[in-house]
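Report on the structure given below.
The values are calculated or read from the model by the stated rules, or taken from the named source; none is laboratory data. As the structure is a computational prediction, the values presented were derived from the model and not from experiment. FYI the Cβ positions are ideal-geometry reconstructions off the backbone, even for glycines, and counts take in every protein chain you see.
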């Protein structure tokens, strides 16, 4: 059981009220891959520049991560900088230098063509389609997107949505994509576009899963020390799809557990800059937080 | 088992994107009382003006609500007007005419002096203290407050907090009162001020209970049609304290159930203008929504 995941690998500069981190390995695919690798094998499709050195590669080493699909192109790696407000609830983008990511044409190694789960990270919908076209066999297509593609390439995005099983976006993106403010109505509208499931993350407020007529909601794990929210949604996706990759059946109990593992990985991500906390996790810590979320949210019948 | 509850009764003008309601009976005590009366007897301490007529009184009739402690004073009833933004997440106060509420001196009928629960609704802390002083026997002291008293009468508020068992505020108020942005840290700071429990409502994001070292969090029931959020927090308090009033022991399971009943009553409140939805509830509907919240939030062990 493995995941083929495509997305961005970047070098990030992150400023928060608690400090600053320069040139840390980020990008949506990095967070997704590190989180998912605790559950399953992850085959990466991405591009980095010549400045992406051995030190940078270490984030992927010693994990269930395959890098055959990572192209080393001439030029610089995608760079992003962001600064968070005092309560970490809003952020300003300081710079976005796409560099080698601008000309990225995902190309799958032959060994990636049969995948259990294909995860299409946030990128131009035509690249997402190109990846789908290169996969000959798959069980589940998961995808992410963002406001930029909803606004600028809506038709391409619709084409990807038609071929997706599970859309993972944040609540603001779900609202924008559907034109519905109410999240239940937004989910119903999106389910008509193709994906039979919507997983909506809600930042520090938790997440919701809409699966046909079933709705599942979980509150965010209340951290005492939040350091850096960068990548929390991507880490959520990694935990969610990573857990699902191991499971032959997508029954309700399995999907709900996957949301909790998503929530667990998202919450760990926030505890340190970049992927630092995710990198040093043990699986026991992951299970322990799963149980804590259960203890935090469960109540008895009346 | 009964509650003595003090607070405001008002005539409200409410504007939302879905319509307008004029001169509806509102005020924090009204929502609290109607919600709590589904669970227990509620004895009201409040003041209304001469313009508060028989039509207005109907909201309290045929319920487990005692009105002996409601004074009919010369002058006009407290009036409040508010207008909500398109997504109901923010509101502007159009007017606040305190009228008879400005000179309110709560006076408890003799029959109210022995109470199971005393609930001190949001008002000047010195009035909350005066009510406490008039009660000779009580099991639980619950209280609410708001930014105005946190800013203008902090010492009086501290005096009430010292004598309270359970503080019910929204998350923004908990942050302001404690000076801590993180809700866990805010709760710990508030628990040092007196109340051994904090119940923090979080609008459309749910609520949390902090009870000594135990934390319980529940997501808000995802309504498809939200009409008017006025009074949702007070309805939550009514459901929460109303349920507790029937229970001799405040064990963890009971407290968690109380939070769910609070959440149930808050969610119903939002479904129509003012108290309209709360007024026409059946207890079966309340139990059904309790079970739906359980279905919405529960997941299995790993």
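Inspect the range A:122-136 for any residue being surrounded by 13 or more Cβ atoms within 10 Å (Cβ to Cβ), modelled with pLDDT under 95 and touching a strand residue (DSSP E or B) at 6+ places or on another chain (Cβ under 9 Å) and give the result as yes or no. No: the range A:122-136 contains no residue that is surrounded by 13 or more Cβ atoms within 10 Å (Cβ to Cβ), modelled with pLDDT under 95 and touching a strand residue (DSSP E or B) at 6+ places or on another chain (Cβ under 9 Å). Residue-level analysis places residue A:231 among those that are away from every other protein chain (no Cβ under 12 Å), surrounded by 20 or more Cβ atoms within 10 Å (Cβ to Cβ) and touching a residue at least 40 places away in the same chain (Cβ under 8 Å). Any residue at all in the range A:182-189 that's assigned to a strand (DSSP E or B), modelled with pLDDT of 95 or more and at the interface with chain B (Cβ under 9 Å from one of its Cβ atoms)? No - not one qualifying residue is present in the range A:182-189. For the range B:76-97, does any single residue satisfy the condition of being under 28 Å from residue B:2 (Cα atoms) and surrounded by fewer than 19 Cβ atoms within 10 Å (Cβ to Cβ)? The answer is no; no qualifying residue exists.
Kindly indicate the residue of the range B:266-302 that is without any contact (Cβ under 8 Å) to a residue 24 or more places away in the chain and facing chain A (nearest Cβ under 9 Å) and also farthest from residue A:252 (Cα to Cα) among those meeting that condition. Here the answer is B:287.
Results for (1) part of a loop (DSSP other than H, G, I, E, B); (2) within 16 Å of the chain's Cα centre (by Cα); (3) in contact (Cβ under 8 Å) with a residue 12 or more places away in the chain, shown as yes or no for each residue.
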site	(1), (2), (3)
A:59	no, no, yes
A:63	yes, no, yes
A:79	no, no, yes
A:83	no, no, yes
A:96	no, no, yes
A:119	no, yes, yes
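The residues of the range B:245-265 that are touching a strand residue (DSSP E or B) at 6+ places or on another chain (Cβ under 9 Å) and within 14 Å of chain A (Cβ to nearest Cβ), listed by number, are B:252, B:255, B:256, B:258, B:259, B:260, B:262, B:263. In the range B:190-228, the residue that is surrounded by the most Cβ atoms within 10 Å (Cβ to Cβ) out of those that are within 22 Å of residue B:15 (Cα to Cα) and more than 11 Å from every other protein chain (Cβ to nearest Cβ) is B:228.
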